[in-house]
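Asker: Mind looking over this structure? Questions follow.
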Amino acid sequence: MTTRANELTALVTGATAGLGAEFARELAEAGHHLVLVARDEERLKAKAEELERDFSISVEVLPADLTSDVGVSAVADRLRDASRPVDVLVNNAGIGLLKSFEDNDLEEERAHLRLHVQTPMELCHAVLEVMLARGKGRIINVASVAAFANRGSYSAAKAWQVTFSRWANTAYAKSGVQVTAVCPGFTHTEFHDRMGMDKSVAPRFLWLKAERVVREGLEDNAKGKAVSIPTRRYKVVTFFARVLPAKLTAGPPRRPAKTEG
């Protein structure tokens, strides 16, 4: 992004690391003031100081746990504040679960579903009140190429984000609001480290840089595209994921439990 924004404000969730931090940096470089949301207040303050120093913009920090009603309500209230309108909402906060669905704790699955589906839905609903009244706005929902495969509750949650973004972009484009699902593949961030994934399972050529994912996502959103799939390699991957039988994109089958006898 090379043009400077004119007193625009962007709110980014999961803003202290990974794609969230890169979205914040790109938007700050374009001149957007920022509202940064994450759970760790100290990391938020450090990131805010860095961005204010590097890009001469103002940064508001909003510590919130987006798997809780209290945290989501605090962010939703900020998005509904028409006296301080948010021009760009980036729903980026996310987690991954390493185990199979049946092996995960149910509370973990509930938090996972809340963070990837219910929370972005509630935040989109909140910000649309102001965006539609003003006749302009941009929303980016960070989904995944997993949305086009069949990989448990993560794929299901990301598929919701893609479907919702497609619908919302069609429904609100004429009102000046552009909605995009950004669908990265394997990306060099803290995401896979936090979930304990062995990153060697994916070949080197499939790994993307966060800068490219964010740059292409912002460009596609500005163009009014409902879905952004960075790089040609992942466009090919998602094409085959759509047309192949579900059993070929679902990963290895679950091994039956051993029985004694």
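The values are calculated or read from the model by the stated rules, or taken from the named source; none is laboratory data. Everything numeric here is computed off the predicted structure, so don't read it as measured data. Quick reminder, even Gly has a Cβ in these numbers, built from the backbone with ideal geometry, and neighbours come from all protein chains shown. Side chains included, ligands, DNA and RNA excluded: accessible areas come from the protein's heavy atoms. Shrake-Rupley method; radii C 1.70, N 1.55, O 1.52, S 1.80 Å.
Asker: Of the peptides 156-165, 19-28, how do they stack up when ordered by the mean number of other Cβ atoms within 10 Å, highest first?
Answerer: Put in order of decreasing packing, that is 19-28, 156-165.
Asker: Express the carbon and sulfur contribution to the solvent-accessible surface of segment 73-193 as a percent, rounded to the nearest whole number, probe 1.4 angstrom.
Answerer: 54 percent
Asker: Tell me the net charge near V177. Cut-off is 12 Å between Cβ atoms, V177 excluded, with +1 for each Lys or Arg and -1 for each Asp or Glu.
Answerer: Numbers: positive: R134, K136, R138, K174; negative: D87, E129.
Result for the neighbourhood of V177: +2.
Asker: May I ask you to order 208-218, 74-84, 8-18 by the average number of other C-beta atoms within 10 Å around their residues, highest value first?
Answerer: Details: 208-218: 19.8, 74-84: 14.9, 8-18: 24.1.
Put in order of decreasing packing, that is 8-18, 208-218, 74-84.
Asker: For a quick protection proxy, order the peptides 121-128, 230-237 by their average other-Cβ count within 10 Å, most packed first.
Answerer: 121-128, 230-237
Asker: List the pairs from K158/K223; K209/K235; K174/K223 whose alpha-carbon separation is above 18 Å, in the order I gave them. Don't skip to the end; give the middle numbers.
Answerer: Numbers: K158/K223 22 Å; K209/K235 16 Å; K174/K223 14 Å.
The pairs that break the limit, which is 18 Å between Cα atoms, are K158/K223.
Asker: I would also like to ask the following. Once the other residues with Cβ under 11 Å from the Cβ of V130 are scored (Lys, Arg +1; Asp, Glu -1), what is the net sum?
Answerer: So the surrounding residues net to +2.
Asker: Okay, moving on. Compute the signed sum of charges (Lys and Arg +1, Asp and Glu -1) over the other residues within less than 15 Å, Cβ to Cβ, of R53. Don't jump to the answer; show the numbers that get you there.
Answerer: Details: positive: R25, K45, K47; negative: E29, E49, E50, E52, D54.
Computed value for this residue: -2.
Asker: May I pose another question? Hey, what did segment 59-172 get for relative contact order, percent, Cα under 8 Å, at least 6 apart?
Answerer: 29 percent
Asker: Before anything else, pin down the relative contact order of segment 108-174: Cα pairs under 8 Å, at least 6 apart, normalised by residue count, whole percent.
Answerer: 31 percent
Asker: Which residues' amide hydrogens lie under 5 Å from the amide hydrogen of I139, considering only partners 5 or more residues apart or on another chain, with H built in the peptide plane?
Answerer: HN-HN under 5 Å from I139: L89, Q178, V179, T180.
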